[in-house]
1. So G422 clears everything in (1) farther than 21 Å from E32 by Cα; (2) at pLDDT 90 or above; (3) more than 18 Å from the chain's Cα centre (by Cα) except one condition, right? Which one?
2. So is D401 open to solvent by 30 Å² or more (accessible area, probe 1.4 Å), modelled with pLDDT of 90 or more and over 21 Å from T339 (Cα atoms) or not?
3. What are the residues in the range 374-401 that are under 18 Å from R75 (Cβ atoms), touching a residue at least 60 places away in the same chain (Cβ under 8 Å) and not aromatic (F, W, Y), if any?
4. Take the residues in the range 457-488 that are over 23 Å from A218 (Cα atoms) and touching a Gly at 6+ places or on another chain (Cβ under 9 Å), then tell me which one is surrounded by the most Cβ atoms within 10 Å (Cβ to Cβ).
5. Determine which member of the set T353, T348, T337 is under 30 Å from F241 (Cα atoms) and either at pLDDT below 95 or among the small types (G, A, S) (or both).
6. What residue, among those in the range 452-501 that are assigned to a loop (DSSP other than H, G, I, E, B), small (G, A, S) and out of contact with any Ser or Thr (no Cβ under 6 Å at 6 or more places or on another chain), is farthest from V44 (Cα to Cα)?
7. Checking E80 against (1) of a type in the set (D, E); (2) farther than 23 Å from H461 by Cα; (3) modelled with pLDDT of 95 or more, which single condition isn't satisfied?
Amino acid sequence: MMSFLKISFLFTLFTLCACHMIAQVFTEARIEANLDGISSMNGVAVADYDRDGDLDIYFSGFLPFIDSVPESYNRLMRNEGNGKFSDVTLEAGFISQYTSPAVITETGVKLGVSWGDFDNDGYPDLYLTHRGGNQLYHNNGDGTFVDVTESAGVAGCLTCYNAGGLWWDHDRDGDLDLYVSILDGPNILYENNGDGTFSNRTNFYKLGGAGITWTSIALDVGKDGFLDLYNANDTQINEFFENRTGTNYVEASRAYRLADEGAGMGLAIGDYNNDGFFDIYVTNIFNHKPNPLFKNLGNRRFENQALEMGVSNAGWGWGTKFFDCDHDGDEDLYVVTGTMDKQYINQTLQEGTENYFFKNTLMEGSEGFIDWSAESQTAGSAATKGRGLEVFDYDGDGDLDMLVANIEQAPQLYRNEVMETGESESSNWIQIWLEGSESNRSAFGTEVKITVGDRSYYRWHHGSGFYGQSVQPVHFGLAGADKIDEIQVTWPLGLVQMFEDISANQLIRLTEGSMLTDVDDQSEGQWYFELTNHYPNPFLDEVTFDFDLKKTGLLRLEIYSIDGQMIVSQQRRINSSGSIKLLWNGQNKSGVEIPGGTYFYVARFEGHERSGRMVKL
């Protein structure tokens, strides 16, 4: 018989959870967000492609493209900043979309959507994976895209199902490389050459893999600065490629205890127990093999804790994400489900299931999860056949909403109501935009740690998941805390920065190597001071600085030597908003050409600044 003390504890825990459940709900907002004209979607990912301060959506269609069939279109949906989206697919340049003569299966023809700034110009580019060849679209910075697949050399496998693309800086040179997950052939590693082209380096690094790979993620497990690679493989052992020296990989899934042999499809990275070590959740087909939750033990070893934590069964799982839905300080878990037609496992026809929402109970005093699918009102319907999932703050109110791509029905947009439940005083939050300068501009591979009182919370910025990769802010729930004592950012190339005494309930922007900028500093949702690019770098004679200014004011550019001596200062009075260029001719204030070496620039505008490093040849 249970002791009275244990019964009392469980009752208290149930009461705390139940009270929170009543207050916290999601609302289906697809129609009011203007997403009701979309259906039959496979993948989904978000980014601020037009740099107006809010997150836009790209959907990949399940069907091959037919001009006269609206359901077959990929969709670029621009966020208008008022809770609604506009379809800008055609005007952005996605007119003639991908089609394939291949037989259509339940996998679809158009699959993954991956945002990443491969040329470090400040505008996220788009990689689309398909059955039989992929496409890379370069963001022109004016709201349009151009197909550069052929010139970049990243078409993928022309006879395979290319499931997804992972942007990551595998060789730590400051730009994004591309890893293509393939279902019926070896995976491909494209190394970024830094000039708009890529080289196939798969065989050199032995990263082709041996599985049927749906999803790949990059994570620095050993916290040694080198990104390791984990592949979710269908009915084969998941692969873990340990990166030992920056470019030397060894398959070590058994050594790390990550060799799950289920029907691996989706992957999620989170720190569910707030111990500073990032854990991995894998979606399988439960009736084939349960989903594992690999707890990171901190010694290059993992332990499957799915059964103990209550998250082993999520039906026929696909997309999945960790996120703090209720701002209590721990990360919850959502899983999208959907069967394939007439699929049998152990001679049993597989029935569809609804989506699963697992609420983390760590902050209620128990390490684990409870099934919160019905209470959260996010179970959806088994008939929708979900695939892709993204979690992001679409309406700019500080909490995270969920967007599910369904292959047979319209997408589901679940608006988070935590800020409207009357508990906002105990539902504080912080969102952090990360922008690399020496590291890749998307800042993929950055670790963020915040400290509030005697507690610390951790996030791994990577954006990747099943059929999608997004560029968006890092989000933390803060419960009742009204400020953060310290933010610690470890950038991909190793720089560690600290920021102290930051107020809650705001979106801030952190640029590698610079001071904290744009704290509560938005005008109608737009950053009013952006240094979008400086080029070339390294340079021989002159450097061009591109700015995007949303207001008038005095713009100043200062150049410093590596020992902090000012080389030159120039300024311009800006009388109208828009794109501005400043040119520096590589000379000091006396008109003498400076010698080769490392220099720093600082751009100042209306009390704010941007800074970075450049090299004179």
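The values are calculated or read from the model by the stated rules, or taken from the named source; none is laboratory data. Values in this document were obtained by computation on a predicted structure and should not be read as measured data. Don't worry about glycine lacking a Cβ; one is built from the backbone with ideal geometry, like all the others, and counts go over all protein chains shown. When the accessible area is computed, the model is the full protein with side chains, heavy atoms only, and any ligands, DNA or RNA have been set aside. Shrake-Rupley method; radii C 1.70, N 1.55, O 1.52, S 1.80 Å.
1. With respect to (1) farther than 21 Å from E32 by Cα; (2) at pLDDT 90 or above; (3) more than 18 Å from the chain's Cα centre (by Cα), G422 is out only on (2).
2. no
3. Selection gives G386, R387, G388, L389, E390, D401.
4. G477
5. Sole residue among the options that is under 30 Å from F241 (Cα atoms) and either at pLDDT below 95 or among the small types (G, A, S) (or both): T337.
6. Among those that are assigned to a loop (DSSP other than H, G, I, E, B), small (G, A, S) and out of contact with any Ser or Thr (no Cβ under 6 Å at 6 or more places or on another chain), it is G453.
7. Every listed condition holds for E80 apart from (3).
This table checks each residue for (1) modelled with pLDDT of 95 or more; (2) open to solvent by 40 Å² or more (accessible area, probe 1.4 Å).
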position: T99; (1), (2): no, yes
position: T107; (1), (2): no, no
position: K110; (1), (2): no, no
position: F118; (1), (2): yes, no
position: H130; (1), (2): no, no
position: G133; (1), (2): no, no
position: F145; (1), (2): yes, no
position: T149; (1), (2): yes, no
